[in-house]
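Student: Mind having a look at this structure? Questions to follow.
The values are calculated or read from the model by the stated rules, or taken from the named source; none is laboratory data. Since the model is a prediction, treat every value here as computed from it, not as a measurement. All Cβ positions, even for glycine, are placed from backbone atoms using ideal geometry, and neighbour counts span all protein chains on display. To get the accessible areas, we keep the full protein, side chains included, count just its heavy atoms, and leave off ligands, DNA and RNA. Shrake-Rupley method; radii C 1.70, N 1.55, O 1.52, S 1.80 Å.
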Amino acid sequence: MSDQTNRTTPLALGSRITCLPVVHGSGNCALAVRQWLLEHPCDCLAIGLPESFKSNVLAAVENLPTPAMILQRCLPSYSAQPWSPDAHSSDEADDAEQGEAWSYVPIDPCQPVIMALRMALGERWQIEFCDLETNAFQPMASVMPDPYALKTVSIERFATAILPSLSRPFQDQSLHRLQYMVWRLHELEQRYENIVIVCSILEWPWLREAYFADPPPELPTHDSIAPTTTHSLAANSLIFLFGELPFITGLYEQARVQLEDDENLSLDGVKHLLMSARSSYLQDLGKRARRITPLLLSQCLKYIRNMTLIEHRMTPDLYTMGIAAQQILGDQYAIHLIETARNYPFHEEANSTSVTLGIDQARLPDGDTVSVVSRLPGQPVSWRSLQLRRKPIREEMDRWKTQWNPYSQCSWPPEDTLIESFRTRVMDRARAIIGADLARSEKFSTSIKDGIDIRETLRHWYDGDIYVKVMPPSVGTMDCCVMLFDTPADPRDYPWRTTWFAEHKDESTLAFFASDFHQEMVGPGIALANYGGAMFLYPPVAISDIWQDPRLNFADNLEERLLAAACLHSRERQIALLSPRAPGASWRRIAKRFRRQLIHIPLSHFNDAMIQQLRMVHVLNGREVRSFAEHFIRKA
């Protein structure tokens, strides 16, 4: 019953042949082909590739999931042209420009043709390659709907739906190839009962037309061709070979090995990609990395969805994911996302026969660069640039470190503005806490003062009296703020301890301990450190270096020394303290020793991502570096 239904579909060519049109380079289409072949088994699988590729392609398919490419050299074509003295000097350049592209077959697990071959090899079906031998291959390309629609639409409906948009082939080579494939199909139907031919969705209506048309007066002849060779690829070339992202392709292969469901990997793989990029991002940046929360990932996925729909697609491309990651999570996460997308877990190390693939070009093992064209071309792609500030390589960091002048250091003004604004917020919060401690409630008489105290009013509900709040203004001012971001702080993590003085009246006198900025060079004369703790005196005053002051030698650790310096140099009784935990007994003893009071503000009252950015301090090797620092400074 299934065979009879199969032969009455628009894909049927006669009673023994069924055409299976595919979208090359699509994982969703590959899954649809696998499902179709499982439901409609055959005894002969015909492939739209020349016979010269057969042995190497089948051997490479059996070697999957290791990727490869089957390359065929394009033989030079010689034509008689009149000689002229002016043209003699540019013969070599002309030959290079007019050289034909070499052709190759990508052994990509997400290629529908490769999926069909894996099915045929597993089911022991006969395999026939039935395309015309062509020396200079000319591909057919056209923009098509997103193959993700095959999740809910059959291959027959998908293929017939795009018929109005398919243009008739006009190249002589394409017409000759169709005529030869029809001749081969007529030959095969004499030997096999059930034949399935897998061809491009751009070719199947014209293949069907040629099948039912009158045969040509003479059969197209094969071109003279070079033998095919099998090559492995460099790791950074897989993104140019695969139709899907290498990371997504790896997920398909892992699901195949572990016998897991792979129906929705084209979208679920995007979530796996974001999570894997987060892991590598956190591992690379450590404490400097911003928190990648589920909320931020949800916003990133929503951004990806919206941009994908704007571009009339159902599945996102790498550019869309890179833009979304950059806008939501920053340049560094976007770089890790793109690098993770290029990872393929089943890739083998490059060897002497490896080829480096690029945009329509390939570097051969002997070092020559040639133009290449795929015999299984996917949908046309547009190459777009995405500007990201990369992390410098180790050689650059070492060179900048040796050029550092130890006698000239300054800060980056935009970071000064941010940290001073945050210092003002912390001190305002401390003043509010002082005022709240002085608040009291009294029975209403003639004025509601600072508002009705609901709690006290309900507490005295039985006597019918109304109570109001009285919040007297805070007494005194505050000129010192201490911020402890990491406590207890390991002295080995924060070897850089210094005191900086204000450059103008809007800056504070700053004493802090931080990580070693020499270990994180981000540009020429630009280094990066992480605050462990800092003390701010505002208005600024001139003080001795607290890390060399013998009056503070009684302190046992970095936090105690910073608090002791604040108590020593503050001219007011209250000191604002921002820290993850409340002051312990030792901190209170230090404050009592100098007759000071610590006003504690929990660090958890502020956004973690903001705190992480504020802890980053860029150190410039002189004020002249400020003129170009913005081109190198990037946030995590």
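Student: Take PRO392 and decide whether it is within 20 Å of PHE632 (Cβ to Cβ) and surrounded by 11 or more Cβ atoms within 10 Å (Cβ to Cβ). It would help to see each step written out before you state the result.
Tutor: Numbers: within 20 Å of PHE632 (Cβ to Cβ): yes; surrounded by 11 or more Cβ atoms within 10 Å (Cβ to Cβ): yes.
So PRO392 fits the description; yes.
Student: Something else now. Please state which of the following conditions TYR467 fails to meet, knowing it meets all the rest: (1) in contact with a Ser or Thr (Cβ under 6 Å, 6 or more places away or on another chain); (2) open to solvent by 40 Å² or more (accessible area, probe 1.4 Å); (3) in contact (Cβ under 8 Å) with a residue 24 or more places away in the chain.
Tutor: (2)
Student: While we're looking at this one, here's another question. Only one of (1) part of a loop (DSSP other than H, G, I, E, B); (2) within 30 Å of ILE201 (Cβ to Cβ); (3) hydroxyl-bearing (Ser, Thr, Tyr); (4) open to solvent by 50 Å² or more (accessible area, probe 1.4 Å) is not met by TYR344, so which one is it?
Tutor: Of the numbered conditions (1) part of a loop (DSSP other than H, G, I, E, B); (2) within 30 Å of ILE201 (Cβ to Cβ); (3) hydroxyl-bearing (Ser, Thr, Tyr); (4) open to solvent by 50 Å² or more (accessible area, probe 1.4 Å), the odd one out for TYR344 is (4).
Student: Taking helices (runs of 4 or more DSSP H) that do not extend beyond the range 213-293, which have at least 1 residues that are over 17 Å from the mean Cα position of the chain (by Cα), modelled with pLDDT of 90 or more and surrounded by fewer than 19 Cβ atoms within 10 Å (Cβ to Cβ)?
Tutor: Per the criteria, 246-257.
Quick grid of which residues meet (1) part of a strand (DSSP E or B); (2) in contact (Cβ under 8 Å) with a residue 60 or more places away in the chain:
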| site | (1), (2) |
| --- | --- |
| PRO472 | no, no |
| CYS481 | yes, yes |
| ALA489 | no, yes |
| ARG492 | no, no |
| ARG497 | yes, yes |
| ASP506 | no, yes |
| VAL522 | yes, yes |
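Student: How many residues does the range 582-616 hold that are open to solvent by less than 40 Å² (accessible area, probe 1.4 Å) and over 26 Å from the mean Cα position of the chain (by Cα)?
Tutor: The number of residues fulfilling the criteria is 12.
Student: What are the residues in the range 410-454 that are of a type in the set (Gly, Ala, Ser), free of Cβ contacts under 8 Å to residues at least 12 places away in the same chain and within 22 Å of GLN612 (Cβ to Cβ), if any?
Tutor: Once the filter is applied, which keeps residues that are of a type in the set (Gly, Ala, Ser), free of Cβ contacts under 8 Å to residues at least 12 places away in the same chain and within 22 Å of GLN612 (Cβ to Cβ), the range 410-454 yields only SER421.
Student: Does PRO169 fit the bill of being within 48 Å of the chain's Cα centre (by Cα), touching a residue at least 12 places away in the same chain (Cβ under 8 Å) and within 20 Å of ALA136 (Cα to Cα)?
Tutor: yes
Student: If you go through the range 555-608, how many residues are acidic (Asp, Glu) and free of Cβ contacts under 8 Å to residues at least 12 places away in the same chain? Please lay out each step first, then the result.
Tutor: Our first condition is that a residue be acidic (Asp, Glu); within the range 555-608, this holds for 556, 559-560, 572, 608.
Within this subset, residues satisfying the condition of being free of Cβ contacts under 8 Å to residues at least 12 places away in the same chain are none.
Matching residues across the range 555-608 total 0.
Student: So which of ASN194, ASN236 ends up being touching a Lys or Arg at 6+ places or on another chain (Cβ under 9 Å) and under 24 Å from SER266 (Cα atoms)?
Tutor: Values: ASN194 fails: under 24 Å from SER266 (Cα atoms).
Just a single option satisfies the conditions, and that option is ASN236.
Student: Please work out if ALA362 is modelled with pLDDT of 90 or more, of a type in the set (A, V, I, L, M, F, W, C) and either surrounded by fewer than 16 Cβ atoms within 10 Å (Cβ to Cβ) or under 30 Å from GLY523 (Cα atoms) (or both). Please lay out each step first, then the result.
Tutor: Details: modelled with pLDDT of 90 or more: yes; of a type in the set (A, V, I, L, M, F, W, C): yes; either surrounded by fewer than 16 Cβ atoms within 10 Å (Cβ to Cβ) or under 30 Å from GLY523 (Cα atoms) (or both): no.
For ALA362, the condition - modelled with pLDDT of 90 or more, of a type in the set (A, V, I, L, M, F, W, C) and either surrounded by fewer than 16 Cβ atoms within 10 Å (Cβ to Cβ) or under 30 Å from GLY523 (Cα atoms) (or both) - is not met.
Student: Let me ask something else about it. Scan the range 1-24 for residues that are at negative phi, open to solvent by 10 Å² or more (accessible area, probe 1.4 Å), out of contact with any Ser or Thr (no Cβ under 7 Å at 6 or more places or on another chain) and modelled with pLDDT of 75 or more and report the count.
Tutor: 3
Student: Would you check if LEU337 is under 28 Å from MET610 (Cα atoms), aliphatic (A, V, I, L, M), within 21 Å of the chain's Cα centre (by Cα) and at pLDDT below 90?
Tutor: Spelling it out, it is not the case that LEU337 is under 28 Å from MET610 (Cα atoms), aliphatic (A, V, I, L, M), within 21 Å of the chain's Cα centre (by Cα) and at pLDDT below 90.
Student: Looking at the range 534-553, which of the residues that are without any contact (Cβ under 8 Å) to a residue 60 or more places away in the chain, surrounded by 16 or more Cβ atoms within 10 Å (Cβ to Cβ) and not hydrophobic (A, V, I, L, M, F, W, C) is farthest from SER508 (Cα to Cα)?
Tutor: Step by step, filter the range 534-553, then rank; the result is ASP549.
Student: Does at least one position in the range 582-597 carry a residue that is farther than 30 Å from LYS401 by Cβ, touching a Pro at 6+ places or on another chain (Cβ under 9 Å) and assigned to a strand (DSSP E or B)?
Tutor: There is no residue in the range 582-597 that is farther than 30 Å from LYS401 by Cβ, touching a Pro at 6+ places or on another chain (Cβ under 9 Å) and assigned to a strand (DSSP E or B).
Student: Go through the range 163-199 and give me each residue that's open to solvent by 10 Å² or more (accessible area, probe 1.4 Å), closer than 17 Å to GLN379 by Cα and either of a type in the set (A, V, I, L, M) or at pLDDT 90 or above (or both).
Tutor: Hits for the range 163-199 are LEU163, LEU166.
Student: Could you please tell me which pairs satisfy a Cβ distance under 6 Å, a separation of 6+ or placement on different chains, a first residue in the range 298-317 that is among the basic types (Lys, Arg), and a second residue that is surrounded by 15 or more Cβ atoms within 10 Å (Cβ to Cβ) and not in a helix (DSSP H, G or I)?
Tutor: ARG313/ASP146
Student: Another one. Examine the range 299-307 for a residue that is touching a His at 6+ places or on another chain (Cβ under 7 Å) and at pLDDT 90 or above, and state whether such a residue exists.
Tutor: Among the residues of the range 299-307, not one is touching a His at 6+ places or on another chain (Cβ under 7 Å) and at pLDDT 90 or above, which makes the answer no.
Student: May I pose another question? Pairs under 8 Å by beta carbon, first residue acidic (Asp, Glu) in the range 332-358, partner outside any helix (DSSP H, G or I) and open to solvent by 20 Å² or more (accessible area, probe 1.4 Å), six or more apart or different chains?
Tutor: Every condition considered, the pairs that remain are GLU348/THR66; GLU348/SER232.
Student: Something else: Given the criteria modelled with pLDDT of 90 or more, open to solvent by 30 Å² or more (accessible area, probe 1.4 Å), under 30 Å from MET397 (Cβ atoms) and of a type in the set (Phe, Trp, Tyr), does PHE501 qualify? First the steps, then the outcome.
Tutor: On the way: modelled with pLDDT of 90 or more: yes; open to solvent by 30 Å² or more (accessible area, probe 1.4 Å): yes; under 30 Å from MET397 (Cβ atoms): yes; of a type in the set (Phe, Trp, Tyr): yes.
Yes; evaluated as a whole, the condition is true for this residue.
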